[in-house]
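Visitor: Dumping the structure here so I can ask a few things about it.
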């Protein structure tokens, strides 16, 4: 399904790109009154934004601004313009701040499950987050309509079709149509007079053809015809690739992403299902429209809730989760089997996230008995057991020789070594997931900071490791 | 376009008419009131052709008037957009010319007059071709196409064009020949 979707989306993406370059390449987000200097001229920004949106599905506007290195105000103005042009759909949602979200997720994960508990917490503020997504079905119609109107306008002018003449009063610039003008005829002279200021109305000249000499001049009229014909011809030529693309696209099914909620539900469930099979990141990004919304925890919480059947709560939590930055949880809050993020532990992102997700895995397993998860988990557990056994032996040897300092450093290196292997075991997808989430599409390399982080020593981490290594637990908790 | 239809109206009759000729008086009054008027919905009521029915009258409280709901058949004229009509030119001026097709007045702006016709001013302003073969002046008949109508409550205006094929002057005015 992922590859099939990809096939049908490509022509639409190309259509959007062509349309953007044809019609919107000189849109500037500056108002008319503002000075347009060489430095601040940002024409063409619309094309960049549209191109970026073709590579994403539902995306939060802040994240898009970050990726494109744009001012969020500029981006919002551009998106508002596109919304009016009916090219994108936007959704504005009130969500709590990130810290609160992760907190609620953690709370929910440990089984408190009382969303009412947040009422007392004054740190929870509801911010409105905006999401946007390209609306391909509408884009197809809008582009066709635009082309139709352009052609119609030129043709009508060319043939001087039956257009209702408009009249303007030069004094108060009030507009009248010929129908109104009928009752404005003055008895004395032959002109139409304005109602309010009694000025003589002037016929509005042809919209497209140049307003040169009066209608009485033959050559002017001929020139106008020529000009219109040329315009029509140029238009046909320059828009040919777009029209061809429209022809190619008209028989295909339009890619539908649905509303923001529906898309999140779909992706979260899909991601969780795929993640455990060690899906490679490219497929998951294609098929599930990953890139838009970095929600590393939604997958986990969604799965556990959906499978346990508490749908309402799950959606609640999911909506609260979003992308809140985690708060550092004090040590007394940390319980075993708690889903913690790195920030909550006060550590670097990658390491602890892995831990977090691994814990989530474990905690979800505690609650559910999904076969998939169990299988993978069993493999992981066995691997871990074997690995730690070997590790312990090695450490005992070293302890015999070294003092505590070396022990610490070994612990750290073992930690470091453990990291990549742990990742291999089946965590890769999770990690990749989180990287995907952070990066929002392929625009940026996943931070190669892994290696750097491996060698940092964090007290909490090392202590936990030391303590857990002694226990022969099945705990997936990073020893 | 002309239509023959049945319309209804409530007629008020003063008590002095109550008597033997009540029905005749009622019909006379109806004709006087309705013929020649314009109804926004139906158009111009040209002529009443017959009375369908006169229902029982109701005496109003307070005044002695009686109300009779009358159904009558009549010929109405309503112009439509896109309709081709023949009209008689009534006025020519710089902005175009006015023509009348029965009760309705139609305005043709100079934008919708063929490009080869120019305005000639004079005591009889007219639009004519450069060689003078076609002339549009007061009292000549033209065939025109209605491109827009404006319907008020009691009035209908139209604008038309003679720029399409088969439109334009049918016959010159009788005065110049």
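The values are calculated or read from the model by the stated rules, or taken from the named source; none is laboratory data. Keep in mind that this is a model prediction, so the values were computed, not measured. Backbone-built Cβ (ideal geometry, glycine too); neighbour counts: all protein chains shown.
Visitor: The conditions are (1) modelled with pLDDT under 80; (2) closer than 21 Å to residue B:94 by Cα; (3) more than 10 Å from chain B (Cβ to nearest Cβ), and residue A:156 fails exactly one of them. Which is it?
Guide: Looking at each condition in turn, residue A:156 falls short on (2).
Visitor: Looking at A:161, A:123, can you tell me which residue is under 29 Å from the mean Cα position of the chain (by Cα), modelled with pLDDT under 75 and either away from chain B (no Cβ under 14 Å) or on the phi < 0 side of the Ramachandran plot (or both)? Spell out how you get there, then give the answer.
Guide: Values: A:161 fails: under 29 Å from the mean Cα position of the chain (by Cα).
Testing whether each residue is under 29 Å from the mean Cα position of the chain (by Cα), modelled with pLDDT under 75 and either away from chain B (no Cβ under 14 Å) or on the phi < 0 side of the Ramachandran plot (or both) leaves just A:123.
Visitor: Check off (1) surrounded by fewer than 19 Cβ atoms within 10 Å (Cβ to Cβ); (2) under 15 Å from residue B:2 (Cβ atoms); (3) within 12 Å of chain A (Cβ to nearest Cβ) for residue B:83 and give me the number that stays unchecked.
Guide: Status for residue B:83: all satisfied but (3).
Visitor: Now, a different point. Given the criteria in contact (Cβ under 8 Å) with a residue 40 or more places away in the chain, surrounded by 15 or more Cβ atoms within 10 Å (Cβ to Cβ) and closer than 22 Å to residue B:137 by Cα, does residue B:34 qualify? Steps first, answer last, please.
Guide: Numbers: in contact (Cβ under 8 Å) with a residue 40 or more places away in the chain: yes; surrounded by 15 or more Cβ atoms within 10 Å (Cβ to Cβ): yes; closer than 22 Å to residue B:137 by Cα: no.
When the stated conditions are applied, residue B:34 does not pass them.
Visitor: A further question follows. As an exercise: evaluate residue A:205 against (1) away from chain B (no Cβ under 14 Å); (2) modelled with pLDDT under 80; (3) within 49 Å of the chain's Cα centre (by Cα) and give the number of the one condition it does not meet.
Guide: Among (1) away from chain B (no Cβ under 14 Å); (2) modelled with pLDDT under 80; (3) within 49 Å of the chain's Cα centre (by Cα), the lone unmet condition for residue A:205 is (1).
Visitor: Consider residue B:6 against the criteria (1) modelled with pLDDT of 95 or more; (2) within 30 Å of residue A:182 (Cβ to Cβ): it satisfies all of them except one. Which criterion is unmet?
Guide: The single condition residue B:6 does not satisfy is (2).
Visitor: Just to verify a result, which residue in region B:86-103, among those that are within 17 Å of residue B:147 (Cβ to Cβ) and within 11 Å of chain A (Cβ to nearest Cβ), is surrounded by the most Cβ atoms within 10 Å (Cβ to Cβ)?
Guide: Only one residue fits best here, namely B:97.
Visitor: Tell me which residues, restricted to region B:38-50, are over 23 Å from residue B:105 (Cβ atoms) and surrounded by fewer than 16 Cβ atoms within 10 Å (Cβ to Cβ).
Guide: B:49, B:50
Visitor: Let me ask you something else. For region B:24-41, indicate whether the set of residues that are away from every other protein chain (no Cβ under 14 Å) and assigned to a strand (DSSP E or B) is non-empty.
Guide: Yes, that holds for at least one residue.
Visitor: With respect to the numbered conditions (1) assigned to a helix (DSSP H, G or I); (2) away from every other protein chain (no Cβ under 14 Å); (3) at pLDDT below 75, which one is the sole condition not fulfilled by residue A:212?
Guide: (1)
Visitor: Only one residue in B:136, B:51, B:45, B:108 is within 14 Å of chain A (Cβ to nearest Cβ) and either under 15 Å from the mean Cα position of the chain (by Cα) or on the phi < 0 side of the Ramachandran plot (or both), so which one is that?
Guide: Working: B:136 fails: within 14 Å of chain A (Cβ to nearest Cβ); B:51 fails: within 14 Å of chain A (Cβ to nearest Cβ); B:45 fails: within 14 Å of chain A (Cβ to nearest Cβ).
Being within 14 Å of chain A (Cβ to nearest Cβ) and either under 15 Å from the mean Cα position of the chain (by Cα) or on the phi < 0 side of the Ramachandran plot (or both) holds for just one of B:136, B:51, B:45, B:108, which is B:108.
Visitor: Pairs only if they're at least six apart or on different chains, beta carbon under 6 angstrom, first in region B:145-161 and facing chain A (nearest Cβ under 7 Å), second outside any strand (DSSP E or B) and buried (at least 22 other Cβ atoms within 10 Å of the Cβ); list them, first residue then second.
Guide: Going by the 6 Å Cβ cut-off, the qualifying pairs are B:159/A:178; B:161/B:112.
Visitor: Please work out which one of (1) crowded, with 17+ Cβ neighbours inside 10 Å; (2) within 15 Å of residue B:104 (Cα to Cα) is the condition residue B:136 fails and give its number.
Guide: Only one criterion is unmet by residue B:136, namely (2).
Visitor: Now for a different question. Of B:107, B:97, which residue is more than 30 Å from residue B:14 (Cβ to Cβ), part of a strand (DSSP E or B) and either at pLDDT 95 or above or touching a helix residue (DSSP H, G or I) at 6+ places or on another chain (Cβ under 8 Å) (or both)?
Guide: Among B:107, B:97, only B:107 is more than 30 Å from residue B:14 (Cβ to Cβ), part of a strand (DSSP E or B) and either at pLDDT 95 or above or touching a helix residue (DSSP H, G or I) at 6+ places or on another chain (Cβ under 8 Å) (or both).
Visitor: Applying the selection to region B:115-129, what residues are at the interface with chain A (Cβ under 9 Å from one of its Cβ atoms) and part of a loop (DSSP other than H, G, I, E, B)?
Guide: B:115, B:116, B:125
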